[in-house]
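First the structure, in the form of structure tokens, and then the observations on it.
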Amino acid sequence: APGQGSTFTVMLRFRIQTHPLSSANHTEDVFTSLLNKKILLVDDNLTNLEIETEILQGMGFLVETAINGSIAVEKIELSSPEDFDLVLMDIQMPVMNGWEAARNIRKLEHPTLSNIPIIALSADAFDSDKQMSIESGMDAHLTKPIDIPILLETIAKTLQSRKDSL
């Protein structure tokens with residue numbers, strides 16, 4: 001009957017989400033400079049690829065994917081210098097691993113393409129793995145699972161470092 005029944009009160013407590021870069025002591029300008037950057041994301045695990053793509057797109061990046069190092073090298077080789085700003089590369093992949101792919105990208109004839117920033121994004125966390133990433137020509141080595149503030153900070157530093165060296 002109208003006017004009779006139960007009344008419910010629901011209280012929801014939400015935490016205010018800080019901007020991912022704010023915890024890393026960055027300004028809004030740094031975040032804005034990363035918006036619409038074009039990333040080639042390389043990972044053989046399709047579930048990881050889908051999750052990482054969603055995360056990156058949600059942060060404002062434009063993402064293209066490759067499922068192994070060989071495809072990544074081919075995409076970079078056939079691209080124009082403005083097609084990609086950065087490569088996020090898994091290490092352990094079939095066909096061609098991330099270290100071999102990075103070495104092949106660094107050997108490309110076009111100077112802009114051969115100098116594209118490459119960041120390893122891998123479950124391999126040993127110092128020897130990080131050293132192999134640097135020796136293969138990668139700019140940085142991050143471990144999975146993704147720590148978003150550290151990822152954004154590393155992308156910003158890597159892009160700035162490459163920009164300063166040109």
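Could you list all residues from the stretch 69-91 that are touching a strand residue (DSSP E or B) at 6+ places or on another chain (Cβ under 7 Å) and either closer than 15 Å to Ser122 by Cα or not hydrophobic (A, V, I, L, M, F, W, C) (or both)? Scanning the stretch 69-91 gives Gly69, Lys75, Asp83, Asp85, Val87, Leu88, Met89, Asp90, Ile91.
Checking each residue in the stretch 42-63 for being open to solvent by 20 Å² or more (accessible area, probe 1.4 Å) and part of a strand (DSSP E or B) picks out Leu62, Val63.
Which members of the stretch 141-155 meet the condition of being within 18 Å of Pro117 (Cα to Cα), in a helix (DSSP H, G or I) and more than 10 Å from the chain's Cα centre (by Cα)? Within the stretch 141-155, Ile150, Glu153 meet the criteria. Kindly evaluate Leu159 against the criterion of being touching a residue at least 60 places away in the same chain (Cβ under 8 Å), over 16 Å from Asp90 (Cα atoms), open to solvent by less than 50 Å² (accessible area, probe 1.4 Å) and within 11 Å of the chain's Cα centre (by Cα). Judged against the criteria, Leu159 is not a match.
When restricted to residues that are without any contact (Cβ under 8 Å) to a residue 40 or more places away in the chain and under 12 Å from the mean Cα position of the chain (by Cα), the stretch 59-82 contains 6. The residues listed here are Asp129, Asp85, Asp124, Asp139; of these, the one that is within 22 Å of Gln160 (Cα to Cα), open to solvent by 10 Å² or more (accessible area, probe 1.4 Å), touching a residue at least 24 places away in the same chain (Cβ under 8 Å) and of a type in the set (Asp, Glu) is Asp85. Within the stretch 97-121, restricting attention to residues that are part of a loop (DSSP other than H, G, I, E, B) and crowded, with 19+ Cβ neighbours inside 10 Å, which residue is nearest to the chain's Cα centre (by Cα)? Going through the qualifying residues, I end up with Pro117.
If I ask for residues that are hydrophobic (A, V, I, L, M, F, W, C), over 18 Å from Leu152 (Cα atoms) and in a loop (DSSP other than H, G, I, E, B), which ones from the stretch 64-93 would you list?
Correct list: Ile67, Leu78, Ile91, Met93.
Would you check which residues across the stretch 83-96 are among the aromatic types (Phe, Trp, Tyr) and over 16 Å from the mean Cα position of the chain (by Cα) and list them? Listed by number, the list is empty, since nothing qualifies.
The values are calculated or read from the model by the stated rules, or taken from the named source; none is laboratory data. Treat the numbers as computed from the prediction; the structure is a model and nothing was measured. Every residue, glycine as well, gets a Cβ built from its backbone with ideal geometry; the counts of neighbours run over all protein chains shown. With ligands, DNA and RNA removed, areas are computed over all heavy atoms of the protein, side chains included. Shrake-Rupley method; radii C 1.70, N 1.55, O 1.52, S 1.80 Å.
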